[in-house]
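Okay, structure first, notes after.
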Amino acid sequence: MSNDTQRGAPGAPGPGPGASAAMSGRDGLVSAPAGGVVPALSVDGVSVRLGGRAVLEEVTFEVAPGELTALIGANGAGKTTLLRVVLGMQTHTTGSVRVNGRTGAARGEIGYVPQKVLLDPDLPLRARDLVALGVDGDRLGLPLRTRERRELTEEMLEAVGAGAFAGARVGSLSGGEQQRVLIAHALVNRPRVLLLDEPLANLDLRSEQEVVELLARISREQGLAVLLSAHDINPLLPVTERIVYLEGGRAVSGTIEEVVRSEVLSQLYGRHVDVLRVHDRILVVAGEAREHPLRRKDEEGPDAGVVSLR
Ligand SMILES: Nc1ncnc2c1ncn2[C@@H]1O[C@H](COP(=O)(O)OP(=O)(O)OP(=O)(O)O)[C@@H](O)[C@H]1O
Ligand SMILES: [Mg+2]
C-alpha cells in the first residue's frame, strides 16, 4: 500500500481553507480512493519533458478497482501525455506507474481508446471485425479457437449495446455507436484498467449520457478502473465523485468536492479561479494568466478565461 492511500480516506472532509496542503509534498493528491484496496492504477510523482519543456510535473493519483475517475484539463494540459505514460508509450523523467501494485503493466492489462480514431466510411471493416481484432488469446491464457473468439466478440458487443449494428461498416456508424465499438475493442481482453482519451468529444448530449452511463455500469460490474479524459466535468457528475484536475502539467486529485474549489484551483493555476455551482452544473472560471494589453491588472474580472463552460 502506498503512503498516498494512508493519507486520506474516501469522503474525507474537503481541505477547506488549508487546501494548500494538497499542493505540497507528493503534490496534488488530496485523498486516495477506496481506503484499504490496492489501487488498480497508481501514478506517483510522474514528470515528463518534451521538446525541452516540462509537460507533466510530479503528477500523483490513484484509481481503485470499480471506480471511474475523470481526468479534466483544457487543451494542452497534458491529458494525452499522461495516458501515454500509463500505457508505457511515453517515457517519464521521474516517478512510477503501477497497475495492480506492479510496475511494467503486462500486455493487455490496460485497455485504451485513443483520442482520435478516424474511420473512413468506405473502410471494409464491420464493427464486429474491429472488436475481434482486439482479441488476444495469449493474454487470455489459452490458444483460442475461431468459435471461442467469435463468442468473446459477440459477448462484448452485447455488453456495450452494439449488437444491433455489429454487422455495419464501422466507418458508417454514428459517433456514439463508434465509441461503443471502440470501448468493446478495448475491453475484449478483459483488462483491469481502461483509459479513454476524450471519448465524449463530438457526441451529442444523448450519446454523451449513454456512453457515460455505459462506462459507469461496466466499471461497477467488472470491477474495472476507468480513467476518462475530458474538458468538462459536468457530463461526468452523475457517475463519478473522483477527479484528477490537470493544469499546465500539474495535477491535483481527490473527490470533486475536495478539488473543484476556488482555493485549490487558484493554487493549481497560479492565479485567481472562481468555482460556480449553478443548477447542478459546475463552472470553473480562471482569470487571465498575463496582463491584458487593454485592461489594467486590477480590472481583471472572473470572466477573463472560462475553462469549463458548455
Ligand atoms: N512530441 C512532443 N514534443 C513537444 N511537445 C509536445 C509533444 N507532444 C505533446 N507536446 C506538448 O505537450 C503539451 C501537452 O500535450 P497533450 O497532448 O498531452 O495535451 P492534452 O491535454 O491531451 O490536450 P488536448 O485537450 O488538446 O488533447 C502540449 O503543450 C503539447 O504541445
Ligand atoms: Mg489530448
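No lab work stands behind these numbers, since they all come straight from the coordinates. Owing to the predicted nature of the structure, the values given are computational and were not obtained by experimental measurement. Cβ coordinates were reconstructed from backbone atoms using ideal geometry, including for glycine residues, and neighbour counts include every protein chain displayed.
Below is a table of values for the structure above.
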{"item": "Around Val55: net Lys/Arg minus Asp/Glu count, Cβ-Cβ under 13 Å", "result": "+2"}
{"item": "Interchain or long-range residues, amide H under 5 Å from Ala166's placed H", "result": "none"}
{"item": "Karplus-derived HN-Hα couplings along the stretch 54-68 (A = 6.51, B = -1.76, C = 1.60, θ = phi - 60°), whole Hz, x at Gly and Pro", "result": "6, 9, 10, 10, 6, 7, 9, 6, 9, 10, 8, x, x, 10, 9"}
{"item": "Long-range amide H partners of Leu68 with built H, under 5 Å", "result": "Val226"}
